[in-house]
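A quick write-up on the structure given underneath.
The values are calculated or read from the model by the stated rules, or taken from the named source; none is laboratory data. This is a predicted model, so every value here is computed, not measured. We place every Cβ from the backbone using ideal geometry, glycine too, and count neighbours over all the protein chains shown.
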Amino acid sequence: MTLARENPTHLNILAAVPVLFLSAVVMAAAVYATVFGPAAQAAADRAEAQEIDAENREFCALFGVRAGESNYANCASGLAEIRRRQSERISLRSTGIL
C-alpha cells in the first residue's frame, strides 16, 4: 500500500505546499512594496525633477536665457505649461476622447 492510501491527509498537505509557497511570496512582495515603495517613488520623483531642470536649462540656453537670469523663470514656466498640456493630451487620448 502507498502512503497516500494509508494517510489521505498527507496528500492534501502536499497539494497545499505550492499554494502556501505562492502566498508567502505574494506576502513578501507586498511587505517589500509597502516598506520600500515610498522611498523608491521619492527617489524617482527627485530624478525626474532633476531631469526636467536640466532640460529646462538646456532649452532656455538655446535662446540665450541662462539659469538665474530674470527671464529664466518665465522660460521654465512656459516649458512646464507645455509639458502639462502634452500630458493632458496624452491622458485624453488614452481615454478615447481625442
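What the table below lists for this structure:
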{"read-out": "Boolean, G96 is surrounded by fewer than 11 Cβ atoms within 10 Å (Cβ to Cβ), modelled with pLDDT of 90 or more and outside any helix (DSSP H, G or I)", "value": "no"}
{"read-out": "Filtered residues of the stretch 23-59 (kept if surrounded by 10 or more Cβ atoms within 10 Å (Cβ to Cβ) and among the hydroxyl-bearing types (S, T, Y))", "value": "S23, Y32"}
{"read-out": "Residues located in the stretch 60-81, provided they are part of a helix (DSSP H, G or I), surrounded by 10 or more Cβ atoms within 10 Å (Cβ to Cβ) and either of a type in the set (A, V, I, L, M, F, W, C) or touching a His at 6+ places or on another chain (Cβ under 6 Å) (or both)", "value": "C60, A61, A73, C75, A76, L79, A80"}
{"read-out": "Within the stretch 78-90, considering residues that are within 25 Å of the chain's Cα centre (by Cα) and of a type in the set (G, A, S), the one nearest to C60 (Cα to Cα)", "value": "A80"}
{"read-out": "Per-region count, the stretch 53-67, residues farther than 14 Å from R83 by Cα and within 31 Å of the chain's Cα centre (by Cα)", "value": "6"}
